[in-house]
1. Taking only C-alpha pairs under 8 Å that are 6+ residues apart, what is the relative contact order of segment 93-205 in percent?
2. Trypsin sites (Lys or Arg not before Pro) within segment 1-65: which are DSSP loop residues with at most 11 other Cβ atoms inside 10 Å?
3. Give a quick list of chymotrypsin sites (Phe, Trp or Tyr not before Pro) in segment 117-214 that DSSP marks as loop, anything other than H, G, I, E or B, with at most 14 other Cβ atoms within 10 Å.
4. Two-decimal Rg/Rh of the chain from alpha-carbon positions, Kirkwood Rh?
5. Can you tell me how much longer the chain between R62 and V201 gets when fully stretched, taken as 0.36 nm per residue apart minus their C-alpha distance, in nm with one decimal?
6. Could you give me the ³J(HN,Hα) list for segment 35-40, computed from phi with Karplus coefficients 6.51, -1.76, 1.60 and θ = phi - 60°, whole Hz, x at Gly and Pro?
7. Quick one: longest stretch of the chain between exposed loop GluC sites (Glu not before Pro), exposed meaning at most 13 other C-beta atoms within 10 Å and loop per DSSP?
8. I want to check the label-to-label distance for Q107 and D73. Put each point 7 Å from Cα in the C-beta direction and report it in nm to one decimal.
Amino acid sequence: MPIYYFPADDVRMDLLSPSGRERDFPRKGPATFYDVTVGETTATNAAWVHTAPTSPVAEELRGMVAFYWKKMDHWFEEDDEVYVHPRDPYHRVDVLNSSRPVQVIVQGQVVAESRRPRLLFETRLPTRFYLPWQDVRADLLVPSTTTSQCPYKGVAEYYSVRLGNTLIKDLAWVYRYPIPECPKIENLVCFYDEKVDAVIVDGVKQARPQTPWS
């Protein structure tokens, strides 16, 4: 994943103290770790500095400070919050309007059917079909407490699907307020193709994708 490295002059070094931990990074060389203390809160081994880089590329990182993403409360690029990790400039997300008929089937029931999906194409991930609420059996969806974050889309809220006495957890999600770079999926419903019975596009059942969520 991409990592931000900051010049030491731009870091509140008075909030950092050596933790005593050291680690040798492949292709970068040894690093010294620091605790970050703000008020009464300390994030242990939350920052590191490469003191003796072992390659010409890593030499550019000498003396610069990096932080573990999850050990910080929030990250911002300019005034916009960034989630999970820095955005990779080689990672694309494209959303296209479509008139392809799309059906989503769960336990033999059609839970969504649309002729106005928006197709989201994302680097190294399967195509996702985002559907208007009017084309989804909203009566079968149950709000979940689960949320997730994506650096390229924002914060997602999840829904389970209730069919009779069966509750299938976290089968669909919605980005209520996606980041400004991905506005076309706002408040549309997307299902896990990996977990439903079938997604049928143009009358053809789609192959079940193999992903970390399978």
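Derivation of every value follows stated rules applied to the coordinates shown; laboratory data play no part. Because the structure is a prediction, the values reported are computed rather than measured. In this analysis, Cβ positions are derived from the backbone assuming ideal geometry, glycine residues included, and neighbour counts consider all displayed protein chains.
1. Details: 252 pairs, mean separation 30.5, N = 113.
Averaging sequence separation for qualifying contacts and normalising by length gives 27 percent for segment 93-205.
2. Values: sites: R12, R21, R23, R27, K28, R62; in loops: R12, R27, K28, R62.
Hits after loop and neighbour filter: R12, R27.
3. On the way: sites: F121, F129, Y130, W133, Y152, Y158, Y159, W173, Y175, F191, Y192, W213; in loops: Y152, Y192, W213.
Taking segment 117-214 and a limit of 14 other Cβ atoms within 10 Å, the loop chymotrypsin sites (Phe, Trp or Tyr not before Pro) found are W213.
4. Numbers: Rg = 22.0 Å, Rh = 20.1 Å.
Across the chain, the Cα-based Rg/Rh ratio is 1.09.
5. On the way: separation 139, 0.36 × 139 = 50.04 nm, distance 5.19 nm.
Difference between extended and current length: 44.8 nm.
6. Those phi angles translate into 7, 10, 10, 10, x, 9 Hz.
7. Values: sites that count: E40, E60, E78, E181.
Of all site-free stretches, the longest is 79-180.
8. 4.3 nm
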